[in-house]
Structures are given as C-alpha cells and as structure tokens.
1. Report, to the nearest whole %, how much of the accessible area of segment 27-73 belongs to carbon and sulfur atoms, 1.4 Å probe, protein only.
2. What is the local net charge at Asn5, summed over the other residues whose Cβ is closer than 14 Å to its Cβ (Lys, Arg +1; Asp, Glu -1)?
3. Could you please report the charge total around Leu17, scoring K, R as +1 and D, E as -1 over all other residues with beta-carbon less than 13 angstrom from its beta-carbon?
Amino acid sequence: MVVVNSFAVDEPLAELLEAARRLPELRFFVTGNPELARRGLLASKPTNVEFTGFVSEEKYAGLLRAADVVVVLTTHLRLGIASRNLLSRDSPRPKRAGLYTPRDRRSTST
C-alpha cells in the first residue's frame, strides 16, 4: 500500500499509523518529506510502515505502479494537490472511489 503524503496538517497520519498497527500483515509505504512530520510521529511508527522520503520521479512512478492500493488521506472535503497529481499520472484509475468526511459522517461513492 502506498500512502501519498506531504505531512500537511490535513493528512491524518496518526490515524493511518494506528490502522497499520492493526494490519501487521500489510506493508505501508508513506511518501513525502519525513522532516515535516509532527514531533514524535516517526518514532511511533509500526514496523510495517516505511517512510520513503522524497524519491526520484522514476521510483515514485514505480511505487505507484507496483501498489495494490494507493491512498490519499485528508480531513478536508476537497482533495488536494496530492490527489490531483496522482490522478494526472499514467496509473490505473479506480473503478469506484469512496469519500468519507468525518465532518458530516457520510460515505458516498462515485
């Protein structure tokens, strides 16, 4: 699983790390600059999570192609630049995408 991440305040990374703890059979590759992480967050990562740091465009594309699942998390209703960047790539598109917003507790599918 690749988690497209920028360590922005709207990305619920602590919750992702908790989910990873509960799914030890899965591997999580989290992209983005880990120097931007909140203090203590990196130290609390489970062993099945790898912070990739910034990688070359070629390696990034390879991560996305090899992933069974690509995740972009945000607490904002509108998806940000990471999702637009991801969707602009030559990568498989989901047949069905879900959107869950904690603010309104609704789940919708497109």
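1. So the carbon and sulfur contribution to the accessible surface is 53 percent.
2. In short, -3.
3. Residues close to Leu17 contribute a combined charge of 0.
The values are calculated or read from the model by the stated rules, or taken from the named source; none is laboratory data. The model shown is predicted, which means the values in this text are computed figures rather than measured ones. Virtual Cβ from ideal backbone geometry, glycine too; neighbours counted across all protein chains shown. The area values use the complete protein model at the heavy-atom level, side chains included, leaving out ligands, DNA and RNA. Shrake-Rupley method; radii C 1.70, N 1.55, O 1.52, S 1.80 Å.
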